[in-house]
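The values are calculated or read from the model by the stated rules, or taken from the named source; none is laboratory data. Quick caveat, the model's predicted, so the values are computed rather than measured. With ideal geometry, Cβ positions are generated from the backbone for all residues, glycine too; neighbour counts draw on all protein chains shown. These accessible areas exclude ligands, DNA and RNA; they are computed on the full protein's heavy atoms, side chains included. Shrake-Rupley method; radii C 1.70, N 1.55, O 1.52, S 1.80 Å.
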Amino acid sequence: MARNRYDMDEVLEDSFDLNQLKRLAKYISPYKKKMVGIIFLMLSASALTMLIPIFFQRIMDYYIPGKNMKMIVTMGLMTLAVAAYSAVSLGLKIKTMSVIGQNIIHAIRNDIFCHLQELPFSYYDDRPHGKIQVRVVNYVNSISDLLSNGIVNTITDLCNLFFIIICMLYYDVRLTLLCLCGLPLLALVIVFIKKKQRRAWQVQSNKQSNLNAYIAESINGIWVTQSFVREEENTGIFNHLSRNYRQSWMRAVMFNFTMGPSVDMISAITTAFIYILGIRWILAPDTTLTVGVLIAFTAYISRFWAPINTLANFYNSLLTAISYLERIFETIDEPVNVKDAKDATIMPPIEGKVEFKDVSFSYEEGQKILNKINFTAQKGETYAIVGPTGAGKSTIVNLISRFYNVDSGQILIDGVDISKVTIRSLRTQMGVMMQDSFIFAGTIMDNIRYGNLSATDEQVVEAAKTVCAHDFISQMENGYYTEVNERGSRLSAGQRQLISFARALLADPKILILDEATSSIDTETETLLQKGLNRLLEDRTSFIIAHRLSTIKNADCIMYVDKGDILERGNHEELLAKKGEYYHLYMSQFDFLK
Ligand code: ADP
């Protein structure tokens, strides 16, 4: 998927790719034996039900005229026994297949989710998150019907058809051939609507995806929506997307509905012909056809069209499922381009030297963001990166954690190229605090412990004390056990940042990255925090992006970055003396504060 938005449809594939089903077969294969068992059970039930018209024919032609009550009762009881066997088999099938269907769905959803966990940031940069969610939840659910009922029903229905044709041929070859004449007509209908129907389902899945993307975006942006009083406009957009979805759904379903009535029509026409011809043949002088045979035969005809109807429905859900499977497997196949090299080694315990050697980077081809960046931060040094918005500051720190691959050049930690080591061994030794301090739903204790899952409660409290978070946490109603909701909306921005500081401290990383992490803290908290922060920075190499220059005055080196280049570097005094870009930036803040 190229860059995409809620108001943009994804590109539709034109081919009817049966490979999607082959891939689905891999998920089904662990349940092969159970499914074969169920198919046999259903076949035995359907073979037995084939006998019922024969019982009726015997009753009509022999036992009623011969007044053989014993046989009539026996046949009645046998019919009952067959019906009971069918009912039990059907119940067993529904139960087993529902469980198997849900297991398969669970496995597919698990695969997508695991893959999503590995996909690089660039994947998430390129598409609305709602569109990703719809694949994991809705599309996967939508194939459940195909899995729970479709496959077994289709196989049993095909066999049923075979049995029925045999029984019909046994009774009357001419009437059977007449009945089969309806099939080419049905094939014509299928060929006519197949392509349109498939396309309609693809469009429907696109519209569903757009709608979901917009809902997700609106929920995430509700704060902005309400503060800018954009509710009406948003509702308008939502209605438009929802209308599109409804229309696409109606159109797709209309094609589905064409199938059922077509089958019914063809069935009614052939049955009518069979009655007309059958009755004429019964009335002919030298006929072998009896009333009982005609009744048995028409009973088979009604059974003949039922499986064809189910097969047609299966075909519908197959087309729908294929359009969903395309999207599901597309996600699973999305290449993980930030991944461990084949011969990747484990990053040895990091000492802390970080080197950028001629590092160039672009998010999108041809749009260079960093241009041959060079610098070396020694173990334990604090490097501050300043510069205007969009200069490339966050990009530099994102590359240190290898959230993206560099286009050219090398990033070395303790002399080891980070592209040659496993991502896990690299990132577990680093602490990154993004601009938006993410809080998970759970207790504050759990949120801090996220930095080191094996930390004791005492260690968590100790970390919170170090970064001055302890006081405000203790004042909350349940202290460290206060439940916070996702994104931590019960906490102030400053409090969220303090929690993420404690989390980072607990992880005890050798390299620490703070991306504008101190920007939302008030002056009072900042003074407190500065103390904690100094402790946090001890013995670690750290990179700080801060707009408040007061936070970084003590940094060993300050790099002024603009348009992907380092324009100035040095410590605070050196840069002030230089009277260049940093000096002006500092002075502008100083003026502002005056
Ligand atoms: P800073 O942190 O200095 O404000 P960034 O490093 O975030 O700047 O961004 C540098 C440039 O890269 C900006 O022009 C920004 O628009 C662009 N950019 C940032 N993130 C992405 C992304 N995920 N995809 C495409 N371009 C991006």
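Residues in the stretch 321-339 that are open to solvent by 10 Å² or more (accessible area, probe 1.4 Å), of a type outside the set (Asp, Glu) and farther than 15 Å from ILE105 by Cβ: PRO335, VAL336, ASN337, VAL338, LYS339.
Here's the yes/no breakdown for (1) surrounded by fewer than 20 Cβ atoms within 10 Å (Cβ to Cβ); (2) over 22 Å from TYR6 (Cβ atoms); (3) assigned by TED's automatic domain parsing to the domain that holds LYS34:
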site: ASP125; (1), (2), (3): yes, no, yes
site: GLY130; (1), (2), (3): no, no, yes
site: LEU161; (1), (2), (3): yes, yes, yes
site: CYS179; (1), (2), (3): no, yes, yes
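Evaluated against (1) farther than 21 Å from VAL140 by Cβ; (2) modelled with pLDDT under 90, HIS240 falls short on exactly one condition, (2). Across the stretch 541-554, the qualifying residues are those that are more than 15 Å from the ligand (Cβ to nearest atom) and at pLDDT 90 or above, and the one among them that is farthest from ASN398 (Cα to Cα) is THR541.
Do the conditions hold for PHE361, that is, is it buried (at least 19 other Cβ atoms within 10 Å of the Cβ), within 21 Å of MET559 (Cα to Cα) and at pLDDT 90 or above? Judged against the criteria, PHE361 is a match. Condition test on GLU355, is it in a strand (DSSP E or B), open to solvent by 20 Å² or more (accessible area, probe 1.4 Å) and more than 16 Å from the ligand (Cβ to nearest atom)? Yes; evaluated as a whole, the condition is true for this residue. Among the numbered conditions (1) free of Cβ contacts under 8 Å to residues at least 24 places away in the same chain; (2) surrounded by 15 or more Cβ atoms within 10 Å (Cβ to Cβ); (3) hydrophobic (A, V, I, L, M, F, W, C), the only one that PHE40 does not meet is (2).
Within the bounds of the stretch 359-369, is there any residue that is assigned to a loop (DSSP other than H, G, I, E, B), more than 8 Å from the ligand (Cβ to nearest atom) and either over 34 Å from the mean Cα position of the chain (by Cα) or free of Cβ contacts under 8 Å to residues at least 40 places away in the same chain (or both)?
Yes, some residue in the stretch 359-369 is assigned to a loop (DSSP other than H, G, I, E, B), more than 8 Å from the ligand (Cβ to nearest atom) and either over 34 Å from the mean Cα position of the chain (by Cα) or free of Cβ contacts under 8 Å to residues at least 40 places away in the same chain (or both).
Identify the residue in the stretch 386-411 that is touching a helix residue (DSSP H, G or I) at 6+ places or on another chain (Cβ under 9 Å) and near the ligand (Cβ under 8 Å from one of its atoms) and, among all such residues, is nearest to LEU536 (Cα to Cα). So, considering only residues that are touching a helix residue (DSSP H, G or I) at 6+ places or on another chain (Cβ under 9 Å) and near the ligand (Cβ under 8 Å from one of its atoms), the one nearest to LEU536 (Cα to Cα) is ASN398. Taking the stretch 245-294 as the range and being open to solvent by less than 40 Å² (accessible area, probe 1.4 Å) and within 16 Å of TRP305 (Cα to Cα) as the test, the residues that pass are MET259, GLY260, SER262, VAL263, ILE266, SER267, THR270, THR271, ILE274.
Conditions (1) farther than 27 Å from LEU277 by Cα; (2) in contact with a Lys or Arg (Cβ under 7 Å, 6 or more places away or on another chain); (3) among the hydroxyl-bearing types (Ser, Thr, Tyr), marked per residue:
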| site | (1), (2), (3) |
| --- | --- |
| PRO128 | yes, yes, no |
| GLY150 | yes, no, no |
| LEU180 | no, no, no |
| ILE193 | yes, no, no |
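Here the stretch 557-577 is the region considered, the condition is being part of a loop (DSSP other than H, G, I, E, B) and open to solvent by less than 80 Å² (accessible area, probe 1.4 Å), and the residue that is modelled with the highest pLDDT is ASN571. The single condition from (1) of a type in the set (Ser, Thr, Tyr); (2) touching a Lys or Arg at 6+ places or on another chain (Cβ under 8 Å); (3) closer than 24 Å to ILE423 by Cβ that TYR139 fails is (3). Each residue in the stretch 368-388 was checked for being surrounded by fewer than 16 Cβ atoms within 10 Å (Cβ to Cβ) and within 17 Å of TYR583 (Cα to Cα), and 1 pass. Scanning the stretch 370-383 for residues being farther than 21 Å from GLY415 by Cβ and touching a Lys or Arg at 6+ places or on another chain (Cβ under 9 Å) gives a total of 1.
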